Amino acid sequence: MYNKPLHHLRTHSSCFLSKFEETWNSLDVQGRLDLWHDDAKIMGDIPRRIVPKEELKKDLGSGMVEAGTIDFGTPKIDVSGKGANVKILVHEDDGNKIHWVTFSLAKENNLTQPIQLPN
């Protein structure tokens with residue numbers, strides 16, 4: 001059975017992943033920060049702990065450069081009425097490092113329209 005709100009959550013999650021990968025690989029620190037709500041709590045790159053968005057900004061650029069380019073595999077997206085849990089295999093540094101990443105994305109508003117996917 002088709003569930004429009006859950007379909008939109010899946011679409012928004014896919015768009016988030018595309019923009020995350022795009023902003024990381026182009027070293028667009030502000031673009032990556034713009035993906036997160038101002039009050040978001042994010043796992044910091046260095047050190048590995050939950051930090052507010054403003055604190056992440058301090059070391060984000062150097063962490064992106066150090067990791068090199070990233071390439072996302074096919075995500076496993078589990079959606080519910082409250083948001084989405086996304087598990088994805090990430091290839092870093094031209095495939096030299098491979099690891100799993102999990103995003104827990106909270107629904108911030110009533111998603112009635114899909115957002116535009118990047119070109």
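Of note:
- Relative contact order, whole percent, for the stretch 51-108 stands at 28, derived from Cα pairs under 8 Å and 6 or more residues apart.
- Long-range lysine pairs (8 or more apart or interchain), the stretch 36-93, Cα under 20 Å: 6
- Close amide H contacts of MET43 (hydrogens built in the peptide plane, cut-off under 5 Å, sequence separation of 5 or more or a different chain): VAL51.
- For a straight C-alpha distance cut-off of 20 angstrom, the aspartates and glutamates reachable from LYS97 (same-chain residues fewer than eight places away being disregarded) are GLU21, GLU22, ASP45, GLU66, ASP71.
Values in this text are rule-based calculations from the coordinates and carry no lab data. In this text the structure is predicted, and so the values were computed from the model without any measurement.
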